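Structure first, then comments.
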Amino acid sequence: MSAEIRSLKEENGGLQEENSELKGRLDDAESKIDDLEGRSRRNNILVHGLPRVGAQETWEQCEGALKDMLREKMELDDDFVMDRVHRLRQNDPNSPIIARFAFFKDRERVMRAKQKLKGSNIFIGEDFSKRVREVRKKLSPFLKKARDEGKRCKMVFDHLIIDGKHFHYNPNTADIEEAST
């Protein structure tokens, strides 16, 4: 019986090592997938608050409405090349528009000019992966606290920069910690 227990313990130890290795490989694969998803979204913007053209808005109408808004409200040329423009949810009247620019520099021109929309009900933001959106949501209270304390701060991708120092969210402690350089 003792030999059988010893054999089972050895087998269990081997399985635990294999499980640990597989978890590491899974974490690496998830990280690579998230990176690829982020790269595939880098030319996208999300536009909230732009009214629908009609109940059965086509993608052409959606693109036209977006280009009109860029020209009229943001004073940008409408010479942007967009690969795709559509609503995220077809049946939702308040659904945001997602637009994919052919060129990153065009997307950046729009992002720099979005301040011209202040005071309107139209908001433009970046298109992030689910993981990054979740991290940003967790970072928001820390950003607000830093601003309330009068610190210079901004959120960049999935981290905060507070007074020139980079901070990441640690899900184990539910707190932020300074990134090691």
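Quick one: which residue in 32, 9 is outside the structural domain of residue 86 (by TED's automatic domain parsing), modelled with pLDDT under 90 and either outside any helix (DSSP H, G or I) or among the charged types (D, E, K, R) (or both)? Full working, then the answer.
Details: 32 fails: modelled with pLDDT under 90.
Exactly one residue qualifies, and that residue is 9.
Read through the list (1) within 22 Å of the chain's Cα centre (by Cα); (2) farther than 14 Å from residue 51 by Cα; (3) not small (Gly, Ala, Ser), then give the number of the only condition that residue 71 fails.
Result: residue 71 fails condition (1) only.
Tell me whether the stretch 89-112 contains one or more residues that are modelled with pLDDT of 95 or more and more than 21 Å from residue 38 (Cβ to Cβ).
no
Would you point out the residue of the stretch 103-129, among those that are assigned to a loop (DSSP other than H, G, I, E, B) and polar (S, T, N, Q), that is nearest to residue 42 (Cα to Cα)? Talk me through it step by step, then tell me what you get.
So in the stretch 103-129, the residues assigned to a loop (DSSP other than H, G, I, E, B) come out as 103, 118-122, 127-129.
Next, only the ones that are polar (S, T, N, Q) stay: 120-121, 129.
Values: 120: 25, 121: 24, 129: 10 Å.
Of everything passing the filter in the stretch 103-129, 129 is nearest to residue 42 (Cα to Cα).
With the condition kept exactly as written, say whether any residue in the stretch 95-115 is surrounded by 12 or more Cβ atoms within 10 Å (Cβ to Cβ) and among the polar types (S, T, N, Q). If you could, list the steps in order and put the result at the bottom.
First pass over the stretch 95-115, keeping only residues surrounded by 12 or more Cβ atoms within 10 Å (Cβ to Cβ): 95-103, 106-111, 113-114.
Next cut, among the polar types (S, T, N, Q) only: 95.
Yes: the stretch 95-115 contains one or more residues that are surrounded by 12 or more Cβ atoms within 10 Å (Cβ to Cβ) and among the polar types (S, T, N, Q).
Checking residue 90 against (1) more than 20 Å from residue 114 (Cβ to Cβ); (2) of a type outside the set (A, V, I, L, M, F, W, C); (3) in contact with a Cys (Cβ under 8 Å, 6 or more places away or on another chain): exactly one of these is not met. Which one?
(3)
Among (1) within 30 Å of residue 68 (Cβ to Cβ); (2) within 18 Å of the chain's Cα centre (by Cα); (3) not in a helix (DSSP H, G or I), there is one condition residue 160 misses while meeting the rest; what is its number?
Checking residue 160 against (1) within 30 Å of residue 68 (Cβ to Cβ); (2) within 18 Å of the chain's Cα centre (by Cα); (3) not in a helix (DSSP H, G or I), the one that fails is (1).
Would you confirm, using the coordinates I've provided, whether residue 28 is farther than 20 Å from residue 132 by Cα and either in contact (Cβ under 8 Å) with a residue 60 or more places away in the chain or surrounded by fewer than 16 Cβ atoms within 10 Å (Cβ to Cβ) (or both)? Spell out the reasoning first.
On the way: farther than 20 Å from residue 132 by Cα: no; either in contact (Cβ under 8 Å) with a residue 60 or more places away in the chain or surrounded by fewer than 16 Cβ atoms within 10 Å (Cβ to Cβ) (or both): yes.
Judged against the criteria, residue 28 is not a match.
So residue 100 ticks every box in (1) in a helix (DSSP H, G or I); (2) within 18 Å of the chain's Cα centre (by Cα) but one. Which box is left unticked?
Result: residue 100 fails condition (1) only.
The values are calculated or read from the model by the stated rules, or taken from the named source; none is laboratory data. As the structure is a computational prediction, the values presented were derived from the model and not from experiment. Don't worry about glycine lacking a Cβ; one is built from the backbone with ideal geometry, like all the others, and counts go over all protein chains shown.
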